[in-house]
1. Show that you can apply the helix-only estimate: for the chain, add -39,500 (n - 2.57) for every DSSP H stretch of four or more residues, divide by all residues, and state [θ] at 222 nm to the nearest 500.
2. Please work out the average accessible area per residue across the chain, using the 1.4 Å probe convention, and give it in Å².
3. Can you give the % of DSSP beta bridges in the chain that are antiparallel, to the nearest 5?
4. Could you work out Rg/(2.2 N^0.38 Å) for the chain, with Rg from alpha carbons only?
5. Any idea what the relative contact order of region 23-96 is, in percent, if you count C-alpha pairs under 8 Å spaced at least 6 apart?
6. In a GNM of the chain with a 10 Å cut-off on Cα contacts, which of 383, 280, 86 has the highest mean-square fluctuation?
7. Given C-alpha coordinates of region 216-326, what is the ratio Rg to Rh with the Kirkwood estimate of Rh?
8. In region 216-326, carbon and sulfur make up what percent of the accessible area (probe 1.4 Å)?
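The values are calculated or read from the model by the stated rules, or taken from the named source; none is laboratory data. Fair warning: this is a prediction, and the values are worked out from it, not measured in the lab. We work out accessible area using only protein heavy atoms, side chains counted, and drop any ligands, DNA or RNA first. Shrake-Rupley method; radii C 1.70, N 1.55, O 1.52, S 1.80 Å.
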Amino acid sequence: MLTHTVEEGPLLNRFRTLWDEIAPIGRDPGSGGYLRFALTEPELRLREWFREQARLRGMPVTTDGNGNLFAWWGDPDAGDAVLTGSHFDSVPHGGAYDGPLGIVSALLAVDELRAAGVAPARPLVVGAFVEEEGGRFGVPCLGSRLLTGQITPDRAGALRDAAGVSFAEALGDRPTGADPALLSRLAAFVELHVEQGRALVDQDAPVAVASAIWPHGRWRFDFTGEGNHAGTTRMADRRDPMLTYAFTVLAANKEARLRDAHATVGRVAVEPNATNAIPSRVTGWLDARAAEPDTLTGLVEAVRTKAAERARRDGTEVTLTEESATPLVAFDGGLADRLAGLLDAPVLPTGAGHDAGVLAAHVPTAMIFVRNPTGVSHSPAESATDADCAAGVTALARVLEELTR
Ligand code: GLV
Ligand code: MN
Ligand code: MN
């Protein structure tokens with residue numbers, strides 16, 4: 001349901017009203033999590049909702065030809081603009097807050113500033129980035145990578161979802177790619193996001209400011225062997241890629257622990273995927289992250305070596321393909337310190353990726369994290385209290401007032 005006015009009353013109530021409008025969209029009744037994949041029906045409804053919210057606030061919406069949406073308070077051509085916002089898309093059965101909280105908070109921050117009679121001296125833009133999670137097309141932060149030229153329009157446009165639909169087809173056009181003119185009109189980007197760990201749980205602080213994002217990436221392991229009958233193939237005669245896959249998952253876990261890094265295999269595809277057939281192919285996706293780039297490189301190399309050794313023993317083959325890589329992001333230290341001082345907030349690094357991490361190489365960028373009492377994310381258990389979300393809006397509004405002065 002679309003609203004037809006911008007609500008008035010206490011911020012807590014206004015947060016709840018907006019939140020309740022989007023809460024049912026894309027929620028899976030079974031898991032309670034969200035299936036809001038980029039440019040699928042639920043995400044398109046959220047984008048429509050965004051346009052309506054922008055219209056109610058008299059903010060014209062522009063797109064960058066890559067699927068990213070921008071609602072402008074002020075002249076889109078003026079320059080020196082301050083961008084805030086996040087993404088609507090989710091991981092499969094993800095939480096409600098990862099992404100949408102940053103967009104809802106941005107819209108409410110605009111309302112806060114207007115109610116306080118603040119007239120920004122430069123444009124304030126609310127953005128909704130497309131395919132941040134890579135949950136549909138495999139490459140995370142696809143919209144921000146396109147905007148900044150970190151992926152070519154040809155490569156991005158050709159990425160396909162599980163049903164074979166390309167990103168270009170879903171978008172309705174070939175993405176247009178880097179937009180240096182738009183980037184040059186941005187003076188700062190501030191992304192508010194739910195905290196995705198337990199860093200704030202025991203602190204008397206509803207919000208924090210980000211210092212850095214760990215370098216991270218996604219690698220696809222293709223294990224191939226010989227499909228055969230489960231009942232008649234002697235154990236000694238098998239070339240079973242499931243064994244090489246299983247060993248590789250354990251090796252990834254061990255190598256990550258040895259380095260204080262993170263390694264996850266959260267997605268797997270098996271062919272032919274039959275209980276009574278030895279698989280012919282197993283594909284597993286490794287998500288690896290570490291505080292330092294060399295640690296990450298060493299981790300992935302160690303897993304690759306162990307997988308190859310095991311493949312020789314299993315009579316299988318393994319190939320490793322990098323699907324995406326994000327370098328270490330150190331957010332603008334001066335900006336982070338300024339925000340932390342303004343908000344009296346702690347400063348934390350994170351292992352989670354964000355469009356802010358991609359934009360940070362091009363525009364002074366900061367992030368505000370809102371406390372998550374479960375510490376859980378990419379799961380229906382992700383949470384934030386309304387009071388902390390309202391504190392997040394207040395914090396964001398203060399920051400935007402300061403930056404648009
Ligand atoms: C995005 O949320 C990621 O860190 O993968
Ligand atoms: Mn996420
Ligand atoms: Mn996110």
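1. So the calculated ellipticity at 222 nm is -11000 deg cm²/dmol.
2. Values: 16690 Å² over 405 residues.
So the chain comes to 41 Å² accessible per residue, rounded to a whole number.
3. On the way: 45 of 65 bridges.
Around 70 percent of the beta bridges assigned by DSSP in the chain are antiparallel ones.
4. Compactness ratio reported: 1.04.
5. Computed value for region 23-96: 43 percent relative contact order.
6. Taking springs between Cα atoms under 10 Å, the residue moving most is 280.
7. We get a ratio of 1.02 for region 216-326.
8. Whole-percent figure for carbon plus sulfur exposure: 49.
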